[in-house]
1. At 7 Å along the Cα-to-beta-carbon direction for both LEU34 and ILE172, put a label point, then send me their distance in nm to one decimal.
2. Would you order THR149, THR58, THR271 from fewest to most other beta-carbon atoms within 10 Å of each residue's own beta-carbon?
3. With a ≥ b ≥ c the root eigenvalues of the C-alpha gyration tensor of the range 1-67, is it rounded (a/c under 1.5), prolate (a/b larger than b/c) or oblate?
4. Given contacts defined as C-alpha pairs under 8 Å and at least six residues apart, what's the relative contact order of the range 184-257, whole-number percent?
5. Express in nm, to one decimal, how much length is gained between GLU99 and HIS165 on full extension, taking 0.36 nm for each residue of separation and deducting their alpha carbon distance.
6. Would you mind calculating the gained length between CYS221 and ARG70 on full extension (0.36 nm times residue separation, minus the Cα-Cα distance), in nm to one decimal?
7. Under 5 Å between amide H atoms, partner at least 5 residues away or on a different chain: which partners does GLY16 have, H built in plane at 1.01 Å?
8. Rounded, prolate or oblate for the range 64-150? Axes are the square roots of the Cα gyration tensor eigenvalues, ordered a ≥ b ≥ c, and the cut-off for rounded is a/c under 1.5.
Amino acid sequence: MSDKEIDEPTGVETTGHEWDGIKELNNPLPRWWLILLWISVVWSVVYWVLMPSWPGITGYFAGVRNHSERANVDAALAALDAERSVQMQQLLTVASIDEVEADPQLLQFAMNAGASLFGDNCATCHGAGGQGFRGYPSLVDDAWLWGGTLDDIEKTLHHGIRSTHPDTRISIMLAYGETGAFSADQIDDLVEYVVHISGRDADMEAVARAETNFVQLCAACHGADGKGDQLQGSPDLTDAIWLYGGERKDLQETLYYGRAGVMPHWTERLTDEQITALAVYVHSLGGGE
């Protein structure tokens, strides 16, 4: 259909287009809509000129304003670091948690900074609330392998445990089964001994058989009473807190294969001030000594 005509039901001129007997009406767009459209077009052209926009072969058009959100973020972070520097430096002077708690503003700052650092660096292994997981110690109880004072926690953060730091803390649960130091029967007896000293029902004949082996090989680290030694990072075997599980099968696995988990050191990633703030936060989780 080439000639335009008036649609009888509506009285509107057609565009001349027709499909299967359906004619297209020539209804113009509302004037306000067209005005907004052209304003948007003009605004986009102005934006392209003023702001970073078109990509090029070796870069991009930076805009006549030379605007950069990356530079703005860097400037904001630098200003924030400068604002925090006084309190961060103050953290380095504290010798105990009591000194931090005596200054409410410093305590609040350390807690806020520590919580942020914990979420970014520690929560993956220890959990968002510090509750820990199998193989990753809980930070909310009173069981500390290497001590739970502010100084102890800072030292662990600085040096790590079995990490690559030259001064890292070292403690290894030997693989008594794999090395052949104990037979399978002796390991079973030692499992019963550990179950017994942790306050659970055990095979007392097996406990009696295992006592000599425990005293000769295990007591050097865990103590004659099995209560552990923080100086060596040796866990208490008499409580109900088990890093790798306290069921018989878990204890058999530990005795046979040994344990040697790694706590990384943070001196290369965090500043001394950040480590102190993180230590204050960890100490506050409920298990700090």
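Read-outs: derived from the displayed coordinates by stated rules, not from any lab. All of these numbers come straight from a predicted model, not from anything done at the bench. Here Cβ is always computed from backbone atoms with ideal geometry, including for glycine, and neighbour counts include all displayed protein chains.
1. 8.4 nm
2. Numbers: THR149 17, THR58 5, THR271 12.
Ordered by Cβ neighbours within 10 Å, fewest first: THR58, THR271, THR149.
3. Working: a/c = 6.57, a/b = 2.90, b/c = 2.27.
Prolate, since a/c reaches 1.5 and a/b exceeds b/c.
4. Values: 79 pairs, mean separation 21.4, N = 74.
Dividing the mean separation by the residue count of the range 184-257 yields 29 percent.
5. Values: separation 66, 0.36 × 66 = 23.76 nm, distance 2.89 nm.
Using 0.36 nm per residue and subtracting the Cα-Cα distance, I get 20.9 nm.
6. Working: separation 151, 0.36 × 151 = 54.36 nm, distance 5.31 nm.
Answer, rounded to one decimal: 49.1 nm.
7. Amide H to amide H, under 5 Å and 5 or more residues apart or across chains, GLY16 pairs with GLU5, GLU24.
8. Values: a/c = 3.79, a/b = 1.55, b/c = 2.44.
Note, shape of the range 64-150 comes out oblate.
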